[in-house]
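The values are calculated or read from the model by the stated rules, or taken from the named source; none is laboratory data. All values derive from a computational prediction rather than experimental measurement. All Cβ positions, even for glycine, are placed from backbone atoms using ideal geometry, and neighbour counts span all protein chains on display.
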Amino acid sequence: MKRHLPETELARDERFRRNKVEDQIFDPRNLAMATRDLGPAQMSVDRPSVSERSRSLMHGIFVGEIQALEGAGRTCFDFDDADAPFALKLDMARQCWDESRHVEISCKLADHMGTDIGEYGESTFLYAAACNTDPVMRLCGVNRALEGLAIDVFSSMKAFGETTEDPILTFCEDWMLADEVTHVKMGSDWMRRLTENDLDRRERALEFQRTVDKVFSLGGFRGESEENPIQITRKFRELAGFSQAECDEIAALAQQAMDDARSMVAAAAAAS
């Protein structure tokens, strides 16, 4: 079997449509939608578009779970024990087990919410982050940044389920949230263990994590204000190995990303 499989070689059937992540991020139409003054949280039940937004987000979660499964599986296989200790591979194998369950749950939740597989496009950014040739970079980019985002998403979706009095959505999001805290904690612990004697390598990995965090905060998708549909969940992040200072940094990155997106929208409007 081939080691270090590129994202272009991921196996998908005809239901899946690939989106370029740069098109999604830098399309002024998407930024305008994200940064428009819509008042309190965009996932609020009184929004006319909340049904569409929640289904789109659920589909995004579904494809993200597939890629998280693929990424953790690749980490089990791509590295020799000298680069990735056997105990780390066991943790990644446990994560594969969790992610496969999440894929199944997400399929059933999508059906529950009226969404078909392939109704929305798939960006492979998560798997791309899992293609890094340094296992510490993978732990920071995937387990700490993107699985950390999953903590925020599942916590926000659980709250949405409670607000809409949907016990199925609430239960499923709560169940998956518990797993995500474990995945992020594994990433935090292994990142520190593998870089204990190489602080420069740790800082490079953390900088990669900051880049990923900023990308997925763009346009006000995540943050701590009422404008952000996905709220940063400090309590669970701290359980998963984030310090208070790291949570503050993510919040600042989210605010900077929203400000940058507004500037891009204003520039696009002025040029049109």
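Select from the stretch 51-68 the residues that are modelled with pLDDT under 90, polar (S, T, N, Q) and surrounded by 20 or more Cβ atoms within 10 Å (Cβ to Cβ) and list them in ascending order.
Passing the criteria: only SER54.
Looking at the stretch 107-129 only, could you name the residues that are in contact with a Cys (Cβ under 8 Å, 6 or more places away or on another chain) and either crowded, with 19+ Cβ neighbours inside 10 Å or at positive phi (or both)?
Of everything in the stretch 107-129, just one residue is in contact with a Cys (Cβ under 8 Å, 6 or more places away or on another chain) and either crowded, with 19+ Cβ neighbours inside 10 Å or at positive phi (or both), namely LEU109.
What do you reckon, is VAL215 surrounded by 21 or more Cβ atoms within 10 Å (Cβ to Cβ) and either more than 18 Å from the chain's Cα centre (by Cα) or closer than 30 Å to ALA159 by Cα (or both)?
no
So, in the stretch 95-129, how many residues would count as being closer than 13 Å to GLY64 by Cα, hydroxyl-bearing (Ser, Thr, Tyr) and assigned to a loop (DSSP other than H, G, I, E, B)?
2
Yes/no matrix, rows are residues, columns are (1) of a type in the set (D, E, K, R); (2) closer than 17 Å to ARG94 by Cα:
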residue: ASN143; (1), (2): no, yes
residue: SER156; (1), (2): no, no
residue: GLU165; (1), (2): yes, no
residue: TRP175; (1), (2): no, yes
residue: VAL184; (1), (2): no, yes
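So that you can scan it fast, the table gives a plain yes or no per residue for (1) of a type outside the set (Ser, Thr, Tyr); (2) touching a residue at least 60 places away in the same chain (Cβ under 8 Å); (3) surrounded by fewer than 23 Cβ atoms within 10 Å (Cβ to Cβ); (4) in a helix (DSSP H, G or I):
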position	(1), (2), (3), (4)
CYS131	yes, yes, yes, no
CYS140	yes, yes, no, yes
ARG144	yes, yes, no, yes
LEU149	yes, yes, no, yes
LYS158	yes, no, yes, yes
GLU203	yes, no, yes, yes
LEU206	yes, yes, yes, yes
